[in-house]
Amino acid sequence: MIIGKVVGSVVSTRKCETLTGSKFMIVEPIPSLKVDSRLVAVDRVGAGIGEYVLVATGSAARVDVPNVPVDAAIVGIIDDGSNLE
Amino acid sequence: MIIGKVVGSVVSTRKCETLTGSKFMIVEPIPSLKVDSRLVAVDRVGAGIGEYVLVATGSAARVDVPNVPVDAAIVGIIDDGSNLE
Amino acid sequence: MIIGKVVGSVVSTRKCETLTGSKFMIVEPIPSLKVDSRLVAVDRVGAGIGEYVLVATGSAARVDVPNVPVDAAIVGIIDDGSNLE
Amino acid sequence: MIIGKVVGSVVSTRKCETLTGSKFMIVEPIPSLKVDSRLVAVDRVGAGIGEYVLVATGSAARVDVPNVPVDAAIVGIIDDGSNLE
Amino acid sequence: MIIGKVVGSVVSTRKCETLTGSKFMIVEPIPSLKVDSRLVAVDRVGAGIGEYVLVATGSAARVDVPNVPVDAAIVGIIDDGSNLE
């Protein structure tokens, strides 16, 4: 899993039907992880822009929604005060 | 998931039978994601060359078609006007 | 799988319900693996900060807990005296 | 998925029993994909050295053969005349 | 899949119970694959240090042992005399 900051969101009107209602957020891994690339994750916990989140990737993103074509999900919000650097 | 631009397509006549009818598109991640490599994804939403799309990778690409050997699928088209940089 | 050192932990109060009780550790791969990036893994074996651990990624992280959205798990602690460099 | 050129093959006599009869090909992604590393894929379509092929990775490689331990499969041969650069 | 050389092994006494009896080998991909990082794989074929092996990653590593938390397995030994460079 990775920890990242929500830096944006993206809207797709024409999409697979099962994705209706999904919120797609752009997440940037925190620098200390040394993961260079950003990813797009669906939000499961009500995360907002600027928040630090925990992202699960791969089939882990679908354990609660097996029929939805997503490969990354925000599954937690990191508590304020965590030392992330 | 990644957001990318459809930059081409590719044709395979001799292929696994279950792939019959699949349209294979070459997708280039948008620069802001800092993902260097392009990938090939099957199209599920009628995407065209030049469009910005949402791509699901891994087993997510098969949630609607479990018996087809694909590991990446275009599952949405990004709305015009989205700020992707 | 990778071998890494537990270099920190992270707390998430607002998270998917199935993650309740999970302990999220930050793991840094040992240098000899030449894996640049750190990752976040749930702990299954009582690992502590500073210990060297074995991490399974992907769906392997869920074989014992199929309904929990995690993609990395600490599944073993490397014995003291192992030559890891 | 990736497109690559078959650049070699490899033989393994001592292997998991379920792999009996599998042909292991070394595939080099085409330069325009900017994927640096080569991979080993089992052949499902009768590909030969020098041909350009479509490779599915991960569990996609096992949709037709669920009990065989492979993570990459050649699932199509790219038509001659395709513009791959 | 990758081809690599077994360059070491690692011992974990405190581990998930289902891992009892597993032998964890450190595998270095052959240079011609241009895969920089080493990985840890469980041995399924009696591989020894110095041998060249075929490694399956991801859920492929569990097709014969679905309940064991591993994400990489040595599934074959490359025949002597193979041209691996």
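The values are calculated or read from the model by the stated rules, or taken from the named source; none is laboratory data. These figures come from a predicted structure and were not determined experimentally. Cβ sites come from the backbone with ideal geometry, for glycine too, and all protein chains shown count toward neighbours. These accessible areas exclude ligands, DNA and RNA; they are computed on the full protein's heavy atoms, side chains included. Shrake-Rupley method; radii C 1.70, N 1.55, O 1.52, S 1.80 Å.
Values for this structure:
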{"read-out": "Accessible surface, per residue, of the protein assembly as shown when the full set of protein chains is kept, probe 1.4 Å, Å²", "value": "41 Å²"}
{"read-out": "Equivalent-ellipsoid semi-axes of chain B, from the Cα gyration tensor, Å, largest first", "value": "22, 13, 12"}
{"read-out": "Pairwise burial E:C, computed as accessible area of each alone minus the pair, summed, 1.4 Å, Å²", "value": "2000 Å²"}
{"read-out": "Residues of the range A:1-20 with amide N under 19 Å of the 7 Å Cα→Cβ point at B:Asp64", "value": "A:11-20"}
{"read-out": "Once the Cα gyration tensor of the protein assembly as shown is diagonalised, semi-axes √(5λ) in Å", "value": "30, 30, 18"}
{"read-out": "Farthest toward positive dipole pole in the protein assembly as shown [+1 Lys/Arg, -1 Asp/Glu at C-beta], among E:Ser82, A:Ser22, D:Ile2", "value": "A:Ser22"}
{"read-out": "Charge dipole (debye, nearest 20) of the protein assembly as shown; +1 at Cβ of Lys and Arg, -1 at Cβ of Asp and Glu", "value": "380 debye"}
{"read-out": "Point-charge dipole on Cβ atoms (K/R +1, D/E -1) for chain A, about Cα centre, debye to 20", "value": "320 debye"}
{"read-out": "Percent accessible area from carbon and sulfur atoms, chain C, protein chains only, probe 1.4 Å", "value": "48 percent"}
{"read-out": "Whole-angstrom gap from the range A:15-64 to the range B:7-85, using each part's C-alpha centre", "value": "19 Å"}
{"read-out": "Highest to lowest packing among C:55-65, B:53-63, scored as the average C-beta count within 10 Å", "value": "B:53-63, C:55-65"}
